[in-house]
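Sharing a structure with you now.
The values are calculated or read from the model by the stated rules, or taken from the named source; none is laboratory data. If you're wondering where the values come from, they're calculated on a predicted model, not measured in any experiment. Here Cβ is always computed from backbone atoms with ideal geometry, including for glycine, and neighbour counts include all displayed protein chains. Areas reflect the complete protein model, heavy atoms only, side chains present, ligands, DNA and RNA absent. Shrake-Rupley method; radii C 1.70, N 1.55, O 1.52, S 1.80 Å.
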Amino acid sequence: MASSDPNKLMAKADKLTKLSLTRWSADWKSATQLYEQAAIGYRVAKNHENAKIAFEKASKGQEMLSSPWDAAKHMESAAALAKEVGNWTEVADFYKRASELYMVCGRPQPASDALAKGARALEDAVPDEAIQLYTDACSILEEDDKEQMAFDLYRAATCVYIKLEKYTDAATFLLRWGLAADKCSATNSQCKAYLSAIIVYLYAHDFKQAEKCYNDCSQIDVFLRNDHGRCASKLLSAYSEGDIEEIKRLGQSSTISNLDHVIIRLARKLPTGEVCALKTEAAEEQEEPLDENDLT
């Protein structure tokens, strides 16, 4: 009867992969089976560190056996165990490697999913790395013309940016979502993303950028004629007029109530800065400019 002691299984597997005077080629097939058995044994015993190492070696073995799909699966298992032991660098590296292996199989969806799993695992501990993984996961689906499959990823990345108070980046990602929604004719999602971006700019008290964003998005007829476009227009008008009550009323409107929760929370805190100054600026811009040559 074969030993079920994972330590002995690992030692035997390691021996099968090392060349010596009596072993001129590695027996990766037998070694990989032993690594897999050891990994399961360690995991059952809740020895997460050793289980992680065993799955990583099992993944390498499946690669050597030209089985990238199984290699990717084992790498994901190693990544999940790296999370258990709090090794955030390995969490990122292992999920990235799993994604690469899925791409070798010509499978962009699981490749994107692997990066998304890594991003979710890293959101609290290493949020900047999480954003990068979400971004890469989106890129894989965009390149495969599967933008609609990426909507949850755009949403997740935006939430992390907002938690980090990186509002310009959040708005930029929302505009990227809007463009992706446009490509797959998801009109409602497109208009929601554009209105959300404008709200984020207003929350960051960047009225000029919010106005520019609205003007750019208004070039798209479907947004201009949509409830979301009209809501954005009313918001900006209320800001220009310094009408705080109208801003607060719009923040409670049904159009905004149907946006994502993180955006609703921002909208209901508007206005965040001094809006009277905007009214003064708007009035000054409408005044006739001074003619420097006419000093009479």
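Placing +1 at every Lys and Arg Cβ and -1 at every Asp and Glu Cβ, with all other atoms neutral, what dipole size does the chain have around its Cα centre, in debye to the nearest 20?
Working: 36 positive and 47 negative charges, 495 e Å.
Dipole size: approximately 2380 debye.
Here is a follow-up. For each pair in Lys183/Lys212; Lys29/Lys83; Lys15/Lys83; Lys117/Lys248; Lys117/Lys183, compute the distance between the two Cα atoms and list the pairs where it is over 32 Å.
Exceeds cut-off: Lys117/Lys248.
Could you tell me which chymotrypsin sites (Phe, Trp or Tyr not before Pro) in segment 1-60 are loop residues by DSSP with no more than 10 other beta carbons within 10 angstrom of their beta carbon?
On the way: sites: Trp24, Trp28, Tyr35, Tyr42, Phe55; in loops: Trp24.
Sparse-neighbourhood loop chymotrypsin sites (Phe, Trp or Tyr not before Pro): Trp24.
Tell me the label-point distance for the pair Gln252, Cys105, using the 7 Å Cα-to-Cβ offset, in nm and rounded to one decimal.
My value for the distance between the label points is 5.2 nm.
Return the loop-located trypsin sites (Lys or Arg not before Pro) in segment 26-131 (DSSP other than H, G, I, E, B) with at most 14 other Cβ atoms within 10 Å of their own Cβ; answer none if there are none. Provide the component values of the computation, followed by the final result.
Values: sites: Lys29, Arg43, Lys46, Lys52, Lys57, Lys60, Lys73, Lys83, Lys96, Arg97, Lys117, Arg120; in loops: Lys46.
When the trypsin sites (Lys or Arg not before Pro) of segment 26-131 are filtered for loop state and at most 14 Cβ neighbours within 10 Å, Lys46 remain.
Also: Using only alpha carbon pairs under 8 Å that are at least six residues apart, calculate the relative contact order of segment 140-202 and give it in whole percent. Spell out each step's value before the answer.
Working: 62 pairs, mean separation 20.0, N = 63.
Across segment 140-202, relative contact order equals 32 percent.
Rounded to the nearest percent, how much of the accessible area of segment 1-143 (1.4 Å probe, protein heavy atoms only) is carbon and sulfur? Before the final figure, lay out each step's value.
Numbers: 3810 of 7400 Å².
Heavy-atom surface of segment 1-143 belonging to carbon and sulfur, 1.4 Å probe: 51 percent.
What residues from segment 226-254 fall in the zone where the backbone N is under 19 Å from a label point 7 Å along the Cα-to-C-beta line of Thr187?
226-233
Another question about this same structure. Would you kindly state how much longer the chain becomes between Gln148 and Leu179 on full extension, computed as 0.36 nm times their sequence separation minus their alpha carbon distance, in nm to one decimal? Before the final figure, lay out each step's value.
Numbers: separation 31, 0.36 × 31 = 11.16 nm, distance 1.10 nm.
10.1 nm is the gain from fully extending Gln148 to Leu179.
If you don't mind, there's one more thing I want to ask. Taking a ≥ b ≥ c as the square roots of the Cα gyration tensor eigenvalues, with a/c under 1.5 meaning rounded and otherwise prolate when a/b beats b/c, else oblate, which class fits segment 6-126?
Details: a/c = 2.61, a/b = 1.45, b/c = 1.80.
Oblate, since a/c reaches 1.5 and b/c is not below a/b.
Could you work out the relative contact order of segment 87-229? I mean the mean sequence separation of Cα pairs under 8 Å and 6+ apart, divided by the number of residues, in percent. Write down the numbers at each step before the final one.
Values: 176 pairs, mean separation 20.0, N = 143.
Reported relative contact order: 14 percent.
Could you tell me whether segment 160-234 comes out rounded, prolate or oblate from its Cα gyration tensor? Rule is a ≥ b ≥ c as square roots of the eigenvalues, rounded for a/c under 1.5, then prolate if a/b exceeds b/c, otherwise oblate.
Working: a/c = 2.17, a/b = 1.31, b/c = 1.66.
Oblate shape, in that a/c is at least 1.5 and b/c is the bigger or equal ratio.
Quick one: length gained pulling Gln33 to Glu84 fully straight, 0.36 nm per residue minus the C-alpha distance? Write out the running numbers ahead of the final one.
On the way: separation 51, 0.36 × 51 = 18.36 nm, distance 2.38 nm.
Going from the current span to full extension adds 16.0 nm.
Right, here's the next one. Given the pairs Lys12/Lys46; Lys146/Lys166; Lys18/Lys57, which span a C-alpha to C-alpha distance of over 18 angstrom in this model?
Values: Lys12/Lys46 21 Å; Lys146/Lys166 27 Å; Lys18/Lys57 13 Å.
Flagged as over cut-off: Lys12/Lys46; Lys146/Lys166.
Which of Phe151, Ala38, Asn50 sits farthest toward the positive end of the charge dipole of the chain, with +1 on the Cβ of Lys and Arg and -1 on the Cβ of Asp and Glu?
Working it through, the farthest residue towards the positive pole turns out to be Ala38.
For log10 I(q)/I(0) by the Debye sum over Cα atoms at q = 0.08, 0.11, 0.15, 0.16 Å⁻¹, which listed value, [x] -0.80, -1.06, -1.36, -1.44; [y] -0.31, -0.61, -1.20, -1.39; [z] -0.51, -0.75, -1.06, -1.14, comes from the coordinates shown?
Label of the calculated value: [z].
Evaluate E = 1/(1 + (r/R0)^6) for Val44 and Asp124, where r is the Cβ-Cβ distance and R0 equals 22 Å; express this FRET efficiency to the nearest 0.05.
Working: r = 28 Å, r/R0 = 1.26.
It comes to 0.20.
For an R0 of 25 angstrom, estimate the FRET efficiency from the Cβ-Cβ distance between Arg265 and Asp93 and round to the nearest 0.05. Present the calculation step by step, with values, prior to reporting the outcome.
Working: r = 34 Å, r/R0 = 1.36.
The pair Arg265/Asp93 has a calculated efficiency of 0.15.
Between Leu164 and Ser20, what is the label-point separation in nm under the 7 Å Cα-to-beta-carbon projection?
In this crude label model, Ser20 to Leu164 measures out at 5.0 nm.
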